[in-house]
Amino acid sequence: MTAPELKIEDLHVSVEGKSIVKGFNLDIKGGEIHALMGPNGTGKSTVASAIMGHPKYEVTQGSVTLDGRNILEMAVDERARAGLFLAMQYPSEVSGVTNADFLRTAINGRRGEGNEIPLMKFIKTMDKKMQLLEMDQSFAERYVNEGFSGGEKKRNEILQLMMLEPEFAILDEIDSGLDIDALKWVAKGVNAMRSDHFGCLIITHYQRLLNYIKPDKVHVMMNGRIVTTGGPELALRLEDEGYDGMKAELGIKDDETVEA
Amino acid sequence: MSTQLKNLPLDAENIINFSSHRNEPKWFTNIRLKAFELAAKLPLPKPEKTRIDDWNFTDFRFDTKGTSVKSLNDLPEPVRQLLDETEQAGSVLIHHNSEPVFANLTEDLKNKGVIFTDLATAIQEHGDLVQKYYFKTDKWDKHKLTAIHAALINGGSFLYVPKNVQIETPIQAIYFQDASSSGLMAHTIVVCERGSSVTYVESYLSDSSVGSGAANLISEVFVGENARIKFGAVDHFSSGVVSYVSRKAKVEKDGSLQWALGQMNDGYTVSENDTNLEGDGSSVDTKVVSIGSGAQKQNFDNYIRHAGKATTSRLLVRGVQKDSAHSIFNAITKIEHGASKADGEQTQRVLMLSKDARGDANPILLIDEYDVIAGHAASVGRVDPAQLYYLMSRGISKEIAEKLIVEGFLEPVVDLLPIEGVKKQLSELIERKVG
Ligand SMILES: Nc1ncnc2c1ncn2[C@@H]1O[C@H](COP(=O)(O)OP(=O)(O)OP(=O)(O)O)[C@@H](O)[C@H]1O
Ligand SMILES: [Mg+2]
């Protein structure tokens, strides 16, 4: 099996007619972990949503391929079954559907009819992963994200990641709202996924998460595109200096207002 | 005989015969006869925004026969499925084509003075008790449908729990119709005296072999002082059966009542669910779910009256509308003058699955007292695209994701039903009706 590859080329995305992402390029291979940082509102989540196929986000230009397959032509669920996963910044709540039912349906959706996961195996796997994330067993029978605290929702996203074992994951601010211990458990979960068959893009504002999950590359995004790329030291520098220095250095002005 | 109901070729003599055949006491027969006379004259109820004038409430056979069974294993499959396998010896009453065909009450409960039997037997053996509660939550001359019911009652159940008796295991009644053109006129009375508690679950189902028929059901629930009743129900009449279903309760001081109703009829339905919080400190928690499918027309009235002080009500109504179904949901919270510290909250949500379906949710608060809390929320909407996206982003197909969301939406009642078989039946009905 060749190592998987997620390739994003010259991606342009609009939301409600407004152009947000303007020429985003990124190439991640299996085994690699990349971090994406950047000021609020520069389009990080927009990139993630467009890749996953959120109906509100319109790709106006560019391509995204997973192992050479054009994923932009696929429906959201097909993208997921092709191996993509997005841990969302704001996960939805689904009342009346238990976490366990949800996950089992998702796993079976991937495995296909006639190849469903045996119930006992599912339960055992879920138990194990929940333990690793220090999630109480009761979360299996609770309704998806309903009444979960901010941090519990984030841990639930990672639980799904671990259960679904995608080829590529985008983790959008998975560290926001996590307490220090939870941050470690989540990092442990992500690190447990590390292999040549798994690539990951971590969107974060804080360098702290990157102490626990060591990225191969750090990208900085401004005004809808990546403006600079470096190693872990780039995140450290940003933590120290903020974005202003970098903006001046790169000669970046704040985004021009888009005419209505 | 002058009195005749449209499509119902009956006269007073038929009624007298039917009544005497059942050994009914005079008072009961008299109500039948008076109601029969009035039934022709009284108007139909006028449910909000639903025209029911041409619905068939009267064309049915009411003297149908059931088939007795010796053992639960002889029951038709759809009925057997409703019973908990582990509770073969539980307290259960099964009616087939409105006749009782199987009855069991555990020795333990009998010894405690609990009565659980079909209405006809109760009238004979506990006539005074029945009379004390019969048509006390509502009047039989309220409108044409209550009068038809009182005139032609052909079935029903009677459950009486004496003072301070706590019943742990749910008590179950099942009504199964399969006789062609049959009409079920079942009257149920559930009484919990002071300090007692019980969980009661009634299931109504009909086979498509009924064709066009009718169901006219009235259940009366009496929650005594400090008593507690959990009342569950799943209605599932086939598409040719026109239903009028009325569930009414009165709750005394510090009593509490829970309704968990799964209204899954395939035919036209008028439903009235009323709770009268008469005693101070009494409370009710009502949860009702329904699905409209095909060309079904339905009207659901949920009414809660706060009369006692510091009474509490919670009302949750959820309806799914698909195909070209058409449903009206009315929720009325009434707080009477003097019901200080009352707290009533109602929520109605309607989920539309097709553009040809129609659903209306009307929230109504009628408040005659200052020192109260009252709230309402009502919405009619479609499946939330954000939820759909979320589920699909995990690899779940659009159809299955939608199904999960809809099933989740109706889960609150499934969750409350205390009998595994009934719970499962409701889940399956939801799955089938939504699918
Ligand atoms: N659904 C939407 N409707 C309207 N505007 C949107 C929508 N989604 C994103 N935007 C706008 O697009 C811009 C980029 O938003 P995005 O969420 O991608 O930023 P971000 O880089 O993830 O920011 P943050 O660090 O705060 O999460 C913002 O100005 C935002 O208001
Ligand atoms: Mg974001």
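The values are calculated or read from the model by the stated rules, or taken from the named source; none is laboratory data. A quick note: this is a predicted structure, and the numbers were derived from the prediction, not measured. Note that we place each Cβ from the backbone using ideal geometry, even for glycine, and neighbour counts take in every protein chain shown. Surface areas here come from the heavy atoms of the whole protein model, side chains and all, with no ligands, DNA or RNA. Shrake-Rupley method; radii C 1.70, N 1.55, O 1.52, S 1.80 Å.
Points worth noting:
- Calculated diffusion of the stretch B:134-174, Stokes-Einstein form, Kirkwood radius summed over Cα pairs, 4 °C and 1.567 mPa s, µm²/s: 100
- Buried accessible surface for the A/B chain pair comes to about 1900 Å², total over both chains, computed with a 1.4 Å probe.
- Summed over the residues of chain B and divided among them, the accessible surface reaches 38 Å² per residue at a probe radius of 1.4 Å.
- Placing unit charges on each Cβ (+1 for Lys and Arg, -1 for Asp and Glu) gives the stretch B:12-434 a dipole about its Cα centre, and among B:Ser203, B:Ile328, B:Gly267 the Cα reaching farthest toward its positive end belongs to B:Ile328.
- Listed values for the stretch A:24-34 are Karplus-derived 3J(HN,Hα) couplings in whole Hz (6.51 cos²θ - 1.76 cosθ + 1.60, θ = phi - 60°), namely 9, 10, 6, 9, 10, 10, x, x, 9, 10, 10, and x replaces Gly and Pro.
- At 0.692 mPa s and 37 °C, Stokes diffusion of the stretch A:159-260 via Kirkwood alpha-carbon radius, µm² per second: 215
- Taking only alpha carbon atoms, the protein assembly as shown gives an Rg to Rh ratio of 1.08, where Rh is the Kirkwood radius.
- Residue mean of other protein chain beta carbons inside 10 Å, A:93-104: 5
- Under a model in which nothing but the beta-carbon of Lys, Arg (+1) and Asp, Glu (-1) is charged, the stretch B:12-434 shows a dipole of about 580 debye around its Cα centre.
- Solvent-accessible area of A:Met246, all protein chains in place: 10 Å² (probe radius 1.4 Å, heavy atoms, ligands and nucleic acids excluded).
- Unit charges at the beta carbon, dipole of the stretch B:299-400: most positive-side option, B:Tyr303, B:Thr347, B:Leu388: B:Leu388
- Basic side chains Lys and Arg get +1 at the Cβ, acidic Asp and Glu get -1 at the Cβ, and with that the dipole of the protein assembly as shown about its Cα centre reaches some 940 debye.
- Ranking A:Leu236, B:Leu261, B:Leu33 from most to least accessible surface, computed with a 1.4 Å probe over the protein chains only, gives A:Leu236, B:Leu33, B:Leu261.
- With R₀ fixed at 30 Å, the C-beta to C-beta distance from B:Glu399 to B:Arg314 puts the FRET efficiency at about 0.35.
- The stretch B:12-434 shape via C-alpha gyration tensor axes, a/c threshold 1.5: rounded
- Surface accessible to a 1.4 Å probe, B:Asp360 within the full protein complex, Å²: 40
- Panel note: contact residues of the stretch B:379-419 (accessible area lowered by at least 30 Å² against the chain on its own; 1.4 Å probe) correspond to B:Gln387, B:Tyr389, B:Tyr390, B:Leu391, B:Met392, B:Ser393, B:Arg394, B:Gly395, B:Ile396, B:Leu404, B:Gly408, B:Glu411.
- Computed over chain A, relative contact order equals 27 percent, with contacts defined as Cα pairs under 8 Å that lie 6+ residues apart.
- Chain B, accessible surface, carbon-and-sulfur percent (1.4 angstrom probe): 47
- Accessible surface of A:Arg81, taken over heavy atoms with a 1.4 Å probe and every protein chain present, rounds to 100 Å².
- Residue among B:Leu145, B:Phe222, B:Val289 farthest towards the positive dipole end of the stretch B:12-434, charges placed on Cβ: B:Leu145
- Think of it as helices only: each DSSP H run of n ≥ 4 in the protein assembly as shown is worth -39500 (n - 2.57), and spread over all residues that comes to -8500 deg cm²/dmol at 222 nm.
- Other residues whose C-beta falls under 15 angstrom from the C-beta of A:Asp196 contribute a net charge of -4, scoring Lys and Arg +1 and Asp and Glu -1.
- Think of each Lys and Arg Cβ as +1 and each Asp and Glu Cβ as -1; about the Cα centre, that makes the dipole of the stretch B:7-107 roughly 440 debye.
- DSSP bridge analysis restricted to the stretch B:12-434 gives an antiparallel fraction near 5%, rounded to the nearest 5.
- Taking all protein chains together, B:Trp140, B:Trp259 sort by accessible area into B:Trp140, B:Trp259, largest first [probe 1.4 Å].
- Among residues other than A:Thr125 with Cβ under 12 Å from its Cβ, the summed charge is +3 (Lys and Arg +1, Asp and Glu -1).
- The stretch A:110-204, accessible area per residue, ligands and nucleic acids excluded (1.4 Å, Å²): 43
- FRET efficiency, 1/(1 + (r/R0)^6) with R0 25 Å, evaluated for B:Ser379 and B:Asp54 via beta carbons: 0.20
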